[in-house]
Amino acid sequence: MRIHVFASGSGGNCLLLEDRETRILIDAGISKRRVMETLAGLGLRMEQIGGVLITHEHSDHISGLESLVKGRTIPVCAPHTVAARLLGAKPSLQEHLQVIPVGEPFSLGSLRVTAFHTSHDTDESVGYRIEGEGVYAHATDTGCVTEGMRAGLLGADTVLLESNHDEDMLRYGPYPFYLKKRILSDRGHLSNAACAAFARELAESGTRRIILGHLSRENNTPGKAMAETGAALLGTDTELYCAPVLGCLTVEIQNEVQTGLLL
């Protein structure tokens, strides 16, 4: 299994997961051109993508979706309310949409996929646990660690977990009060401190790789995020990476041997 993070943040989110002959995207919040160019750099084409999993309908997660799947027979998988919001915003997705259950596994190629709810300021948002040759779990855009998240993430080999903001940078930064309040709420975004606390729990449950995702450009730095979660992971064998805003981070899971490469 390989995970390629194309982008993770408020400017756009997109990730490719490869497992044997199955390749899927999680979110498509960057341009079609950027997705195609990054795929080409990996020796791949859109025709080899077997599906797109959508976490929620905010633009930084779906802005490139419509153009990516147009003219192709690629299923777009989302839970009921997310699917309804997608259809309302982009009616042409009707022929692609596949409504999936939350909390119940379904098959996508060689993968066993289970969606779980996160806590964000939208009618519905989810993360995903994906089981194939390895177990990968993905959770961003959440103001707190929900019980569904905990069940979905614990025990996964590799986890991409939101580490959105440093609380002091946010509180004393330039954002208006209403926006600070939203981000800090239980339906906002996970802070470095909250991420670090849960990362320790993940490590103790057997997670061997954690990728920090969805960092704020205004209220965080990779150094701050890595330092806080790195300190929480001291004494564990868990590897720590930070998802790029630009570029492609590849994490390979093969017989419990992994490498991190920034292309």
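Please treat every number below as a calculation from the coordinates, not as lab data. A quick note: this is a predicted structure, and the numbers were derived from the prediction, not measured. Don't worry about glycine lacking a Cβ; one is built from the backbone with ideal geometry, like all the others, and counts go over all protein chains shown.
Quick notes on this structure:
- Charged side chains reduced to their Cβ positions (Lys and Arg at +1, Asp and Glu at -1) give the chain a dipole of some 640 debye around its Cα centre.
- Straight-line reach from LYS32: taking Cα to Cα under 21 Å and skipping same-chain neighbours fewer than 8 places apart, the lysines in range are LYS70, LYS90.
- The mean sequence distance of close C-alpha pairs (under 8 Å, at least 6 residues apart), as a share of the length of the chain, puts its relative contact order at 18 percent.
- Across all directions, the average projected area of the convex hull around the alpha carbons of region 1-89 is 5.5 nm².
- Percent of Cα-Cα distances greater than 22 Å, calculated over the chain: 51
- Largest first, the three principal axis extents of the alpha carbons in region 1-40 are 30, 18, 11 Å in whole numbers.
- Size descriptor, Kirkwood hydrodynamic radius, that averages inverse alpha-carbon separations across region 91-203, Å: 15.3
- Between ARG182 and ALA89, the FRET efficiency estimated from the beta carbon spacing at R0 = 22 angstrom works out to 0.60.
- Projected over every direction and averaged, the convex hull enclosing the alpha-carbon atoms of region 127-263 yields 8.0 nm².
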